[in-house]
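Below is one structure, written out as structure tokens; the observations come after it.
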């Protein structure tokens, strides 16, 4: 049925009049909600201005207090401002006669009477979950469509016909309209950015969003099922539901590349959440942004779980015992350091089971004790009486410092991995299981740029090395002693200022970082040992075992939302099953229960049925049955365009974009063709039409590899040279499957060379 709109036709006069009254009433209600939002925004601005303007006592404590409240009010202002777009999008009419409005944030009046229910609140769950079979006390669910602050349409779903029929609800049957909101959202032109789905989220999506926090939740589904956007809404839901916990630890969002992160960057801020850290796998080691490319076979070798042992052995090799005695000069005396002394010190240090750089202190102290005995014997002094002097002399002796360092050098992760690649003898000793051909693949010059596959190895090395934390332990002891005093002070500040909704703990956390002016995200990004409260991993089927080890260190509780589709795996390092991917991470609990579970999305909202049928045929031609999904959209069949040469690709694209409001067009091709096609398209299209860099999706036309196109969607897609895509792929078939499922409206398969046979038999040719 059609929506309620301001222009109704074909209805009886009484029904039309009622609908106009309904529309006017909702406009008034939404105007009231925006008025309340404006009041709260102005209060937050006033609080922020007053805090920034107020004079303080000038003491460090007073300045820190002021900065903490500036941060508090700034965060509140950001959250309220994010609710401007589609503040209210739904209404529930309940069987008890109550009415509940659903929106982006929760709003209440000055007497704390609810005006608007946050979509994440338990009270909003029936908006997404209620059905006619299980109405959950809902008689009518209304979708409120807005343009800016103006209500433009109402669409209703009646879920309890008996309650409607008995007349107790006050709802007229003629007032009921349904359908259309979801399909209108799906038909809208792409913008180059992902948008939230709070107004159109479906029941199976909402159930995943509201899943409990603990454990690894795998969200699986075919192309176009909304896996990514569901995972982002889940992150927003968890930040709302577990605010006290996650506001301190944060949420990490891992996406496959920078283009993808730019694509999704607006979703969480639009939902009022700004504390998440967004990173690619190449950005998960502080100080490194790994961008360099390397062949798939090298990345797969680096990603193997056996590389953890290789890194560990590479570090142990740096714990050396000399092959013979060493004569050392200490002042005017000469002493001998024996291999037995070094062996004993090394064994003692290793027995602590502490990381290399931390255990080095035990090694050095133990070796110095042995050398002190030798020096006492040489200088004929009593060891116990003169121990401190003897140790001091040994520390000052260049020969001693040199030998201690040669035997157990303090190391960085970068040194260990660079040496592993640059020195064949080091790699051979650390990786005896590798063939000479495999070791040759890993060899490279020192100083070569890092690749994404290097990042988990750097992190593994950093974990094995550790940091000598003696100074940190002393500082921690002082901090613990100071915490109680800070708690008392923070509580008194809250009581004096009358601030509500903030705990003393939260205020202390803001005190601790206010002077640095760093957000939680900035602090987390710079701290390798930061422990996140939750991690969202997108395109998770691409991750190597070593990458999973890194993520498990970032979140030892293994509270993760893992998003992926094994059919779309392109990486040679990726796993064939989730059990294989998580084998070393999600160990079974003592009772045998696995720490991960799978939820499947079954509806494809993006890809029209003819495109999806073609993509499925590609997989079946390889003997693989893809994940079953049901496309809810129909459309024209994909088109096959045979071109004389690659130079004809630009005119084809120019013709496709020469139509009003075409939206976004993506050319998906093999890596070797990206640059030539970009050059040709820039020459053929108006300036600025073809995107470049991490923000290239802001332009109307882009050229991407399959790996860059993962998770993205376009109104029109040109799959250029599918045969070459297969030829250059680590997993032929999977990449073509991805490329064929990115379009929402038009799909063109353009080729000059050989065409995979399955495409020849399933597409319609054009002249």
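Derivation of every value follows stated rules applied to the coordinates shown; laboratory data play no part. These figures come from a predicted structure and were not determined experimentally. Because the Cβ atoms are built from the backbone with ideal geometry, glycine has one as well, and the counts that use them run over all protein chains shown.
Descriptive notes on the structure:
- Relative contact order computed over the chain (Cα-Cα under 8 Å; 6+ residues apart), in percent: 15
- A simple packing score, the average count of other Cβ atoms within 10 Å per residue, orders the peptides 339-350, 15-26 as 339-350, 15-26, with the highest score first.
- Residue exposure sequence - 74, 569 - by fewest surrounding Cβ within 10 Å: 74, 569
- For the chain, the longest principal axis of the Cα atoms and the long axis of helix 13-53 meet at an angle of about 30 degrees.
- Helix 545-554 axis, angle to the chain major axis (alpha carbon atoms, nearest 10°): 90
- Protection-proxy order for peptides 693-706, 366-379, 289-302, each taking the mean of Cβ atoms within 10 Å per residue, highest first: 693-706, 366-379, 289-302
- Over the chain: helical MRE at 222 nm, DSSP H runs n ≥ 4 each giving -39500 (n - 2.57), nearest 500: -13500 deg cm²/dmol
- Among 437, 522, the order by Cβ neighbours within 10 angstrom, fewest to most, reads 437, 522.
- Fewest-first ranking of 157, 538, using other Cβ atoms within 10 Å as the exposure measure: 157, 538
- With all pairs of separate Cα atoms included, segment 609-764 yields a Kirkwood hydrodynamic radius of 15.6 Å.
- DSSP beta bridges in the chain [antiparallel fraction, %, rounded to 5]: 35
- The chain - Rg over Rh from alpha carbon coordinates, Kirkwood radius: 1.05
- The angle between the Cα long axis of helix 307-316 and the longest principal axis of the Cα atoms of the chain comes to about 20 degrees, rounded to the nearest 10.
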